[in-house]
Amino acid sequence: MPHPLALAATLLVASVLAACNDGPALKAPSPDAPMSTARYLCQQNKTIVADFYDGKSSVGPDGRPLPGGRVVVQLSDGRKFSLPQTLSGSGIRYADSSGTFVFWSKGDTAFVEEGSSQTVTYRDCVQRR
């Protein structure tokens, strides 16, 4: 005959395990869904909406790390860019392959540089909460 204390402990463990299994199974987020979205208000009432996506980092031929993230940037002038993350000394930098369109983000601020002269076209952008 089982000991009453052992039987009570077994029933307690079984009820705790059953309670943990109630509800739907957790689903992983869709790989097409952004990790986060930030909305920025810039000088001259310009705006930027940035959807940030995670990605797998790798190592370049020279041994430097290559970030794997990307951002989809929507500008208030109607243009939209999908940019890979690039190396940065400070903040997070995203750029097209020619480096003529660059989106920088650091903390709750951001800016956009365009053209071969890297003219800042969206400046003093602050994230709206």
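Data overview
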quantity: Selection count, region 53-82, where residues are under 16 Å from the mean Cα position of the chain (by Cα) and closer than 15 Å to Phe111 by Cα; calculated: 5
quantity: Residues of region 83-99 that turn out to be more than 13 Å from the chain's Cα centre (by Cα) and within 20 Å of Thr47 (Cβ to Cβ), as a count; calculated: 1
quantity: Subset tally (residues that are modelled with pLDDT under 95, of a type in the set (Gly, Ala, Ser) and closer than 17 Å to Phe103 by Cα) for region 29-54; calculated: 1
quantity: Residue list for region 33-78, filter: among the aliphatic types (A, V, I, L, M) and not in a strand (DSSP E or B); calculated: Ala33, Met35
quantity: Residue in region 93-107 that is farther than 20 Å from Ser36 by Cα, in contact with a Cys (Cβ under 6 Å, 6 or more places away or on another chain) and buried (at least 17 other Cβ atoms within 10 Å of the Cβ) present; calculated: no
quantity: Among residues of region 51-92, those that are free of Cβ contacts under 8 Å to residues at least 24 places away in the same chain, polar (S, T, N, Q), surrounded by 15 or more Cβ atoms within 10 Å (Cβ to Cβ) and in contact with a Gly (Cβ under 8 Å, 6 or more places away or on another chain), counted; calculated: 0
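The values are calculated or read from the model by the stated rules, or taken from the named source; none is laboratory data. Bear in mind that the values here come from a model prediction, so they are computed numbers and not experimental data. Here Cβ is always computed from backbone atoms with ideal geometry, including for glycine, and neighbour counts include all displayed protein chains.
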